[in-house]
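Worksheet: the structure to be examined is printed underneath.
The values are calculated or read from the model by the stated rules, or taken from the named source; none is laboratory data. Predicted model, so just to flag it, every value in this text is computed and none were measured. No Cβ is skipped: glycine too gets one built from the backbone with ideal geometry, and neighbour counts run over all protein chains shown.
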Amino acid sequence: MQPFEEVVAQHSPVVMRVCRALLGPIEADDAWSETFLAALRAYPDLRPESNIRGWLVTIAHRKAIDHIRARKRAPEPADDLPERLPAGGGGPEPDDTELHSALAALPFKQRGAVVYRYLADLPYAEVAALLECSEAAARRNAADGIARLRRDYQKDES
Amino acid sequence: MTMPTNREIIDDLTFASDEMTDFVGLRARLAAHADREGLLDVSYRTMDSPIGPLLLAATPAGLVRVAFEGENHDDVLVELATAISPRILRSPRGVDEVARQLDEYFAGRRRVFEVPVDLQLSRGFRRAVLQHLLEIPYGVRESYAVVATAAGNSRAVRAAGTACATNPIPLVVPCHRVVRSDGTYGQYRGGPAAKHTLLTMEATG
């Protein structure tokens with residue numbers, strides 16, 4: 001079994017892409033940490049032939065759902081809202097922030113399908129399992145989601 | 001305005017996440033959090049030394065492994081994952097203090113190491129040998145025969161040699177202070193040149 005440090009080194013970026021795409025930049029760090037802490041706890045019992053990336057993305061998916069449920073249960077008071085990057089200015093990559101906003105505007109199943117298929121590079125069977133839908137529905141959600149992103153996020157020619 | 005391709009969308013989302021994340025900070029906080037939760041079974045770091053890069057690994061009980069460059073640090077970490085636990089992270093826990101004391105030792109400013117050691121990688125007679133080695137003072141040399149007797153079996157000279165050669169915590173458990181009865185240095189996990197360097201340093205320091 002490889003040392004867990006290797007697992008973190010290899011899969012940190014993909015787990016962050018998932019957390020960031022599902023939750024936005026503010027909660028992504030916490031979800032990333034919760035994912036790897038839960039993974040570390042369970043790691044010694046993981047079957048040696050397991051697909052580690054798929055396993056980690058599954059944990060990240062559950063942590064993201066926890067965050068989204070917690071938001072619904074306890075909406076933050078307005079004065080506690082963290083500052084977000086103003087659209088088109090301030091941040092180092094305003095376009096990317098805009099793209100993440102466009103992603104956040106997608107229905108959850110479309111967003112999930114885009115994230116798991118395209119950012120986490122999971123096969124549709126695993127995307128379907130995570131989203132608790134059929135493989136055909138996972139394909140449709142991924143296709144619809146990315147088509148909508150392409151429409152909503154048009155780059156300047158500059 | 002043109003419609004971006006799928007590839008551009010995916011690349012931009014990936015780039016935004018990969019480039020705007022402080023992974024070094026996140027990983028350091030993960031290791032600290034894991035330690036607080038009792039999930040950090042083995043912490044490790046590397047350091048430079050006059051005898052080459054060293055790997056230092058510790059359990060909550062103490063320093064459990066010191067490895068030389070020739071042993072291949074990646075292989076050693078895989079061995080630790082099998083022998084102790086795969087819950088291994090790079091972390092200062094228990095190893096930064098060892099590195100500080102080793103730096104002082106190599107600079108000639110320290111003769112005794114004051115760090116807890118975890119001898120769990122050795123059992124039986126080998127462990128008895130290591131326990132005795134901890135009592136050999138700086139600058140003193142002992143023969144394998146004397147070590148075998150001190151560890152409780154005067155006839156097990158060859159086994160005492162094997163125990164020294166497979167010592168999982170060289171330097172801090174000073175197997176380099178054990179030499180052949182004829183005064184020649186004998187084998188060493190870090191290679192004969194490293195043993196020569198250490199004995200020369202201790203003889204003059």
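Confirm whether B:Gly52 is surrounded by fewer than 18 Cβ atoms within 10 Å (Cβ to Cβ), at pLDDT 95 or above, assigned to a loop (DSSP other than H, G, I, E, B) and under 19 Å from the mean Cα position of the chain (by Cα).
Working: surrounded by fewer than 18 Cβ atoms within 10 Å (Cβ to Cβ): yes; at pLDDT 95 or above: yes; assigned to a loop (DSSP other than H, G, I, E, B): yes; under 19 Å from the mean Cα position of the chain (by Cα): yes.
Yes, satisfied.
Quick one: A:Asp121 ticks every box in (1) closer than 21 Å to A:Gly145 by Cα; (2) surrounded by 20 or more Cβ atoms within 10 Å (Cβ to Cβ); (3) at pLDDT 90 or above; (4) within 12 Å of chain B (Cβ to nearest Cβ) except a single one, so which number is it?
A:Asp121 satisfies every listed condition except (2).
Examine segment A:87-98 for a residue that is surrounded by 10 or more Cβ atoms within 10 Å (Cβ to Cβ) and either aromatic (Phe, Trp, Tyr) or modelled with pLDDT of 80 or more (or both), and state whether such a residue exists.
Kept after step one, since they are surrounded by 10 or more Cβ atoms within 10 Å (Cβ to Cβ), are these residues of segment A:87-98: A:87-88, A:90-98.
Right, trim to either aromatic (Phe, Trp, Tyr) or modelled with pLDDT of 80 or more (or both) and you get A:98.
Looking through segment A:87-98, at least one residue is surrounded by 10 or more Cβ atoms within 10 Å (Cβ to Cβ) and either aromatic (Phe, Trp, Tyr) or modelled with pLDDT of 80 or more (or both).
Would you mind stating whether B:Leu77 is touching a strand residue (DSSP E or B) at 6+ places or on another chain (Cβ under 7 Å) and facing another protein chain (nearest Cβ under 7 Å)? I'd like the intermediate steps shown before the answer.
Numbers: touching a strand residue (DSSP E or B) at 6+ places or on another chain (Cβ under 7 Å): yes; facing another protein chain (nearest Cβ under 7 Å): yes.
The answer is yes for B:Leu77.
May I ask you to verify whether B:Ile88 is outside the structural domain of B:Thr59 (by TED's automatic domain parsing) and closer than 30 Å to A:Tyr43 by Cα?
Judged against the criteria, B:Ile88 is not a match.
How many residues are within 7 Å of chain A (Cβ to nearest Cβ) and over 35 Å from the mean Cα position of the chain (by Cα) when one looks only at segment B:9-23?
Selection size over segment B:9-23: 8.
Is there a residue in segment B:33-55 that is closer than 23 Å to A:Arg17 by Cα and within 13 Å of another protein chain (Cβ to nearest Cβ)? Steps first, answer last, please.
Taking segment B:33-55 and keeping what is closer than 23 Å to A:Arg17 by Cα, we get B:33-34.
Now narrow it down to the ones that are within 13 Å of another protein chain (Cβ to nearest Cβ): B:33-34.
Checked segment B:33-55: at least one residue is closer than 23 Å to A:Arg17 by Cα and within 13 Å of another protein chain (Cβ to nearest Cβ).
Only residues that are part of a helix (DSSP H, G or I) and either more than 21 Å from the chain's Cα centre (by Cα) or over 20 Å from A:Asp45 (Cα atoms) (or both): list them for segment B:35-46, please.
From segment B:35-46, those part of a helix (DSSP H, G or I) are B:35-36; that's our starting set.
Answer for segment B:35-46, where residues must be part of a helix (DSSP H, G or I) and either more than 21 Å from the chain's Cα centre (by Cα) or over 20 Å from A:Asp45 (Cα atoms) (or both): just B:Arg36.
Within the bounds of segment B:141-161, is there any residue that is surrounded by fewer than 16 Cβ atoms within 10 Å (Cβ to Cβ), among the acidic types (Asp, Glu) and either under 19 Å from B:Leu54 (Cβ atoms) or not assigned by TED's automatic domain parsing to the domain that holds B:Gln101 (or both)?
No, segment B:141-161 contains no residue that is surrounded by fewer than 16 Cβ atoms within 10 Å (Cβ to Cβ), among the acidic types (Asp, Glu) and either under 19 Å from B:Leu54 (Cβ atoms) or not assigned by TED's automatic domain parsing to the domain that holds B:Gln101 (or both).
Of the residues that make up segment B:65-79, is at least one in a loop (DSSP other than H, G, I, E, B) and not assigned by TED's automatic domain parsing to the domain that holds B:Gly183?
Keep residues of segment B:65-79 that are in a loop (DSSP other than H, G, I, E, B), which gives B:68, B:72.
Among the residues that remain, those that are also not assigned by TED's automatic domain parsing to the domain that holds B:Gly183 are: B:68, B:72.
For segment B:65-79, residues in a loop (DSSP other than H, G, I, E, B) and not assigned by TED's automatic domain parsing to the domain that holds B:Gly183: present.
Looking only at helices (runs of 4 or more DSSP H) that lie completely in segment B:119-166, which have at least 1 residues being β-branched (Val, Ile, Thr) and more than 23 Å from the chain's Cα centre (by Cα)? Reasoning before the result, please.
Details: elements: B:124-133, B:144-150, B:157-165.
The qualifying helices (runs of 4 or more DSSP H) are B:144-150, B:157-165.
Please go through segment B:76-109 and pick out each residue that is in contact (Cβ under 8 Å) with a residue 40 or more places away in the chain, closer than 18 Å to A:Phe36 by Cβ and touching a Leu at 6+ places or on another chain (Cβ under 8 Å).
Matches in segment B:76-109: B:Arg87, B:Ile88, B:Leu89, B:Ser91, B:Arg93.
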